[in-house]
Amino acid sequence: MKTKTPKRNLQPRRQSGQRFSGVGKPKKPLNVEKIRKDFPILEQKVHGKPLVYLDNAATTHKPVQVIKTLDRYYREYNSNIHRGIHLLSEKATAAYEGSRLKVQRFLNAADFKEIIFTRGTTEGINLVAQTWGSKNIGPGDEVIVTNMEHHSNIVPWQMLCEEKGALLKVAPIDDSGELILEELWKLLSVKTKLLAVTHVSNALGTVNPILEIIKAAHDKGVKVLVDGAQAIPHMKVDVQELDCDFYVFSGHKIYGPTGIGVLYGKYALLDSMPPYQGGGDMIASVTFEKTLFKKPPYKFEAGTPHIEGVIGLGVALDYVAQIGLANIEAHEGELLLYGTKKLQELSGLKLIGTAPRKAGVLSFTLGEIHPHDIGTILDRQGVAIRAGHHCAQPVMDRFHIPATARASLAVYNTHEEIDALVKAVRRVLEVFG
Ligand SMILES: Cc1ncc(COP(=O)(O)O)c(C=O)c1O
């Protein structure tokens, strides 16, 4: 498949006050044909039709570079880490810790000790809620989330607030799916201890002006956790420039293995936090009277970790870095513009999420047709999308709908695939007359 030559300006629109470090100008148009060859799963047919995979916000596919890394790990140096004195264990430990350095570089964190491996975004948020939150949030305190959060950035805070007698406040969004910043500013007060906000909305695609938000929160002495699950595959993230206190993401959404994720935290905060789980590898010494814990990041990595997941994630980040996030952002931005235009031409189709600054997501409804029916008919034509509330029920409530159909983009998607999506949606309209 070939991508059409872009006719418009490749740079997605930026909002005022918004900067993404390191994004810069794209160096060259992507050779998507070549990139697609790295993803064997894309070669298959589904229901006799070429697979058009547009469910990337749920999870991305894995390049051969990652697949081979996992295979090699099990064939050649599978071993437990940190504790072995034999060669295989040394190799596994070196690869595991090497990945930590790769993540540090990828996020431009100041120190490798600020990188904690988790099971994913969800676990990263729960870790912060149960350690930092448990220690720092008490009766009468307030935690702010936004109306566009994924359930995993709502429920852990709700549970914490209930337990502590604290209050969960919600920053509203407008009809385009943008945060109403003036309302958010009004919520920030001396009672606010934490703002937990998504960088990019998985249900709407909205890119929040995260730099501006973090600065405003810090001006009021409020700590900020950023849910980066949907930002990390699409744009350069520099945690030092953002100055966020915590940043979390999942490996599987950035071409890495499932079951692995990252929590970045400023070292002083991590150092002040109690451990998350107790067990092997997180201790300095244990007696029945007292246990002494290791320093971060090891304090937060109890038990045998997802070793091959960590190593695979490092390779996935290398893969993305080698393509270049500026190039990825430009390519996906062009597909997003193209898809938005084409879908809007269809009668009865309503895009949910029309913020000026978006990444990777085309969420829509089609008159009275249920999104599950849309998804099923699209699937018969080889087009994989997601239908439902996308673990963001408050977003659906805000737009007074039960669900949307959502096509979401990755680096390997093409203009032809957007055409296939549009054609398949036309078929839905035919079926429902
Ligand atoms: C914005 C956002 N946050 C959090 C999550 C949860 O990620 P995971 O299930 O990998 O922990 C997702 C997953 O879709 C997401 O899109």
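The values are calculated or read from the model by the stated rules, or taken from the named source; none is laboratory data. This one's a predicted model, so the numbers in the text were calculated from it and none came from an experiment. Cβ: placed from backbone, ideal geometry, glycine included. Neighbour counts: every protein chain shown. The accessibility values were calculated without ligands, DNA or RNA, using every heavy atom of the protein model including side chains. Shrake-Rupley method; radii C 1.70, N 1.55, O 1.52, S 1.80 Å.
A compact table of results
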{"item": "Sole residue being outside the structural domain of HIS150 (by TED's automatic domain parsing), among the β-branched types (Val, Ile, Thr) and closer than 22 Å to MET235 by Cα, chosen from THR404, THR414", "result": "THR414"}
{"item": "Scope segment 41-57; condition under 16 Å from LEU335 (Cβ atoms) and either at pLDDT below 95 or away from the ligand (no atom under 16 Å from the Cβ) (or both); matching residues", "result": "LEU42, VAL52"}
{"item": "Residue in segment 122-129 that is more than 16 Å from the ligand (Cβ to nearest atom) and in contact (Cβ under 8 Å) with a residue 12 or more places away in the chain present", "result": "no"}
{"item": "Set LYS299, LYS253: member being surrounded by 13 or more Cβ atoms within 10 Å (Cβ to Cβ), under 18 Å from the mean Cα position of the chain (by Cα), in a helix (DSSP H, G or I) and basic (Lys, Arg)", "result": "LYS253"}
{"item": "Residue within segment 89-97 that is within 28 Å of HIS150 (Cβ to Cβ) and either outside the structural domain of LEU269 (by TED's automatic domain parsing) or acidic (Asp, Glu) (or both) present", "result": "no"}
{"item": "Residues (open to solvent by 40 Å² or more (accessible area, probe 1.4 Å), touching a residue at least 60 places away in the same chain (Cβ under 8 Å) and assigned to a loop (DSSP other than H, G, I, E, B)) located in segment 270-279", "result": "PRO274, TYR276"}
{"item": "Single unsatisfied condition, GLU178 versus (1) more than 22 Å from the chain's Cα centre (by Cα); (2) within 30 Å of SER408 (Cα to Cα); (3) of a type in the set (D, E, K, R)", "result": "(1)"}
{"item": "Residue count, segment 362-401 (criterion: among the aromatic types (Phe, Trp, Tyr) and open to solvent by 10 Å² or more (accessible area, probe 1.4 Å))", "result": "1"}
{"item": "One residue from THR69, THR60 being buried (at least 21 other Cβ atoms within 10 Å of the Cβ) and within 16 Å of the ligand (Cβ to nearest atom)", "result": "THR60"}
{"item": "Residue satisfying all of: in segment 201-243; touching an Asp or Glu at 6+ places or on another chain (Cβ under 9 Å) and assigned to a strand (DSSP E or B); most open to solvent (accessible area, probe 1.4 Å) among these", "result": "LYS223"}
{"item": "Residue within segment 82-98 that is at pLDDT 95 or above and within 16 Å of the ligand (Cβ to nearest atom) present", "result": "no"}
{"item": "Candidate set from segment 237-268 (those that are closer than 15 Å to VAL224 by Cα and among the hydroxyl-bearing types (Ser, Thr, Tyr)); member that is nearest to the ligand (Cβ to nearest atom)", "result": "TYR247"}
{"item": "Residue within segment 391-408 that is in contact with a His (Cβ under 8 Å, 6 or more places away or on another chain) and among the aromatic types (Phe, Trp, Tyr) present", "result": "no"}
{"item": "Odd one out for GLY312 among (1) part of a helix (DSSP H, G or I); (2) more than 16 Å from the ligand (Cβ to nearest atom); (3) open to solvent by less than 10 Å² (accessible area, probe 1.4 Å)", "result": "(2)"}
